[in-house]
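The values are calculated or read from the model by the stated rules, or taken from the named source; none is laboratory data. A quick note: this is a predicted structure, and the numbers were derived from the prediction, not measured. With ideal geometry, Cβ positions are generated from the backbone for all residues, glycine too; neighbour counts draw on all protein chains shown. Heavy atoms of the whole protein, side chains included, go into the accessibility calculation; ligands, DNA and RNA do not. Shrake-Rupley method; radii C 1.70, N 1.55, O 1.52, S 1.80 Å.
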Amino acid sequence: MNQDDLSDIQSVILYAYKNLPHASYLILSIEHPDLFKQWLSEHLPEVTPSTQKDTSSALNIAFTSSGLENLGLPQDTHEQFSREFKEGIYTEKRSQLLGDIGSNASEHWEWGGKARPTVDAILLCFSETESGLSDLVTHLTYELEAYTSIHPLTTEALYERKEHFGFRDGVSQPGIKGIHTQNSDQLPAGEFLLGHTSAYGSCTPAPGSEHDKSHRYANFGYNGSYLVFRQLEQDVQGFWRYLDNQSSEENDKVYLAAKMVGRWPNGAPLELFPDREPEHFNPNSANSFDFSGDTMGHKCPMASHIRRTNPRATDLGLDEDEAVRSVNHHRILRRGRPYGKPLHSKLLPTSMLKAEDNGETRGLQFLCFNADLARQFEFIQQTWVNNEKFNGLYNDLDPILGARPRPSGPSGDDFSIPKKPIRQRLKCVPQFVTTRGASYFFMPSLSALKQLAHTDTGI
Ligand code: N7H
């Protein structure tokens, strides 16, 4: 990865913009593609590259498969995108495997899905201040509304970078070799960027890489990444009410919730602090564990959210090194942010339980980047999150994310906490998270944006 690549890659792929706590996402349906291309060509310098670090605001842009077609990407380039991307997130088969069924089904979504205006693109807007974000969004909306229909999505920065259930988020994140050099958990760039070498040692397919250099869309996919966007509503009171009902003197609600997540509310891992939440812990040790000393899940249950979404060195009975290698083929770069007002400003469980629910909704705008939708995001969601038989379990889905009730087979509504002499089993776990909108996008490099913005009138 050289400097030219860094100035070509859109910044949000590589950096989470922790210094820009305010964000909004504009979902676009493009009604006049030529006018949109003209807008894009004029605003290319405002799209934030990875070399631009100390900015007070940032703008990134990505497109759906239909958006790329709508903007005139020719068939010979478009067909080289992956099947999952071209089909989109809500085909019948994909909805089944992702758990977008029942109350999660696309016909109930607020955006995306068949019955809505087609989603073509997304603008990701970030700012240091609330007023800066409002200026950016107002300006973009004013410019674009004449030729696109816009569905704005908000975010809400919560206390101590937590999410709505009250747990610290963004603690574990893989780094990219040669870029995130401080991160001890680094993967090859091709796991997240098209056209680079992946963990298999081969080049991740990039549309346009086989075109002749003179082709207008030569190397179109290089330095781009697939973006998964899911608006996930959280039933915060439902979560804490259920745990409150299940709690006892020995196992209070926070202990049970931590067992479900795999970390304590402050982000401390159960693997290192199995009995209680430490008041202080060294954030550098937040990922110094691999579950290898806890094969039975006595510290961190197999069924917990973090153990399912990254089983580290304990995957399916493989030896440790092989397990890590195998698990590392299914990693994602998460860029999610909460939305909606919190039930309590400091997200304290007892206060959230007592808070008056005024009907406002809240949740997570889940975003992640990966180079292979099937092998990374979809694998995690299908084979780990929504699998009752994950790693020797029988009837446990991911306690946080699982889609219940199941249409067939086991109901998946148990949560098993391994213990000596016998395990504790929580029954009838309700669904706490519901999909409210979703789409697959492709975030092109800056050079590909230029190719896309080019119009026949020479702009
Ligand atoms: Fe998850 N939560 O609050 O319980 N997640 N997540 N997630 N998640 C993580 O390590 C949460 C969702 C992953 O490497 C933490 O940042 C909620 C989806 C992965 O150790 C917490 C929602 C997918 C990891 C949460 C949600 C994932 C992870 C611990 C939805 C992918 C890292 C803090 C509303 C399909 C695992 C941290 C590792 C961690 C929560 C969604 C995946 C607290 C509430 C859809 C890979």
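Below are the figures for this structure:
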| quantity | calculated |
| --- | --- |
| Helices (runs of 4 or more DSSP H) completely within segment 267-373 that count 3 or more residues being over 22 Å from residue 161 (Cβ atoms) and in contact (Cβ under 8 Å) with a residue 12 or more places away in the chain | 320-327 |
| Selection status of residue 26, in contact with a Pro (Cβ under 7 Å, 6 or more places away or on another chain) and open to solvent by less than 10 Å² (accessible area, probe 1.4 Å) | yes |
| In segment 392-423, residue farthest from the chain's Cα centre (by Cα) [restricted to those that are of a type in the set (S, T, N, Q) and open to solvent by 40 Å² or more (accessible area, probe 1.4 Å)] | 408 |
| In segment 380-389, the residues that are surrounded by 20 or more Cβ atoms within 10 Å (Cβ to Cβ), in a helix (DSSP H, G or I) and out of contact with any Pro (no Cβ under 9 Å at 6 or more places or on another chain) | 380, 381, 385 |
| Flag if residue 328 is farther than 20 Å from residue 369 by Cα, open to solvent by 20 Å² or more (accessible area, probe 1.4 Å) and of a type in the set (S, T, N, Q) | no |
| Residues (in contact with a helix residue (DSSP H, G or I) (Cβ under 7 Å, 6 or more places away or on another chain) and either among the basic types (Lys, Arg) or away from the ligand (no atom under 12 Å from the Cβ) (or both)) located in segment 155-177 | 168, 176, 177 |
| Criterion (within 21 Å of the chain's Cα centre (by Cα), at positive phi, surrounded by 15 or more Cβ atoms within 10 Å (Cβ to Cβ) and more than 14 Å from the ligand (Cβ to nearest atom)) met by exactly one of 223, 219 | 223 |
| Verdict on residue 377 being part of a strand (DSSP E or B), more than 20 Å from residue 393 (Cβ to Cβ) and touching a residue at least 60 places away in the same chain (Cβ under 8 Å) | no |
| Cross-chain or 6+ apart pairs with Cβ under 8 Å, segment 11-29 first and closer than 13 Å to residue 54 by Cα and in a loop (DSSP other than H, G, I, E, B), then open to solvent by less than 10 Å² (accessible area, probe 1.4 Å) and among the aromatic types (Phe, Trp, Tyr) | 17/126; 20/126 |
| Exclusive hit being polar (S, T, N, Q) and in contact (Cβ under 8 Å) with a residue 24 or more places away in the chain, set 186, 173, 182 | 173 |
| Test: residue 54 is outside any helix (DSSP H, G or I), over 21 Å from the mean Cα position of the chain (by Cα) and surrounded by fewer than 19 Cβ atoms within 10 Å (Cβ to Cβ) | yes |
| Of residues in segment 178-206 being within 16 Å of the ligand (Cβ to nearest atom) and not aliphatic (A, V, I, L, M), the one surrounded by the fewest Cβ atoms within 10 Å (Cβ to Cβ) | 184 |
| Of the criteria (1) within 13 Å of the ligand (Cβ to nearest atom); (2) more than 16 Å from the chain's Cα centre (by Cα); (3) at pLDDT 95 or above, which one residue 230 fails | (2) |
| Tally, over segment 74-85, of residues that are among the hydrophobic types (A, V, I, L, M, F, W, C) and touching a Leu at 6+ places or on another chain (Cβ under 7 Å) | 1 |
| Filter result for the condition that a residue is among the β-branched types (Val, Ile, Thr), within 12 Å of the ligand (Cβ to nearest atom) and either more than 26 Å from residue 257 (Cβ to Cβ) or touching a Lys or Arg at 6+ places or on another chain (Cβ under 8 Å) (or both), over 435, 383 | 435 |
| Considering residues of segment 252-266 that are more than 11 Å from the ligand (Cβ to nearest atom) and without any contact (Cβ under 8 Å) to a residue 60 or more places away in the chain only, the residue surrounded by the most Cβ atoms within 10 Å (Cβ to Cβ) | 255 |
| Residue selected from segment 342-367 under the condition open to solvent by 30 Å² or more (accessible area, probe 1.4 Å) and among the basic types (Lys, Arg), by the criterion farthest from residue 437 (Cα to Cα) | 354 |
| Meets criteria (farther than 23 Å from residue 312 by Cα and either in contact with a Ser or Thr (Cβ under 9 Å, 6 or more places away or on another chain) or not aromatic (Phe, Trp, Tyr) (or both)) for residue 409 | yes |
| Unique match (being at pLDDT 95 or above, more than 24 Å from residue 437 (Cα to Cα) and in contact with a helix residue (DSSP H, G or I) (Cβ under 7 Å, 6 or more places away or on another chain)) among 68, 14, 44, 26 | 44 |
| Tally, over segment 128-151, of residues that are open to solvent by 60 Å² or more (accessible area, probe 1.4 Å) and under 14 Å from residue 30 (Cα atoms) | 3 |
| Residue 149 vs. criteria among the small types (Gly, Ala, Ser), out of contact with any His (no Cβ under 7 Å at 6 or more places or on another chain) and farther than 30 Å from residue 350 by Cα | yes |
| Which numbered condition residue 296 fails, given (1) open to solvent by 40 Å² or more (accessible area, probe 1.4 Å); (2) within 13 Å of the ligand (Cβ to nearest atom); (3) within 23 Å of residue 429 (Cα to Cα); (4) not basic (Lys, Arg) | (2) |
| Residue in segment 141-157 that is of a type in the set (Gly, Ala, Ser) and under 30 Å from residue 289 (Cβ atoms) present | yes |
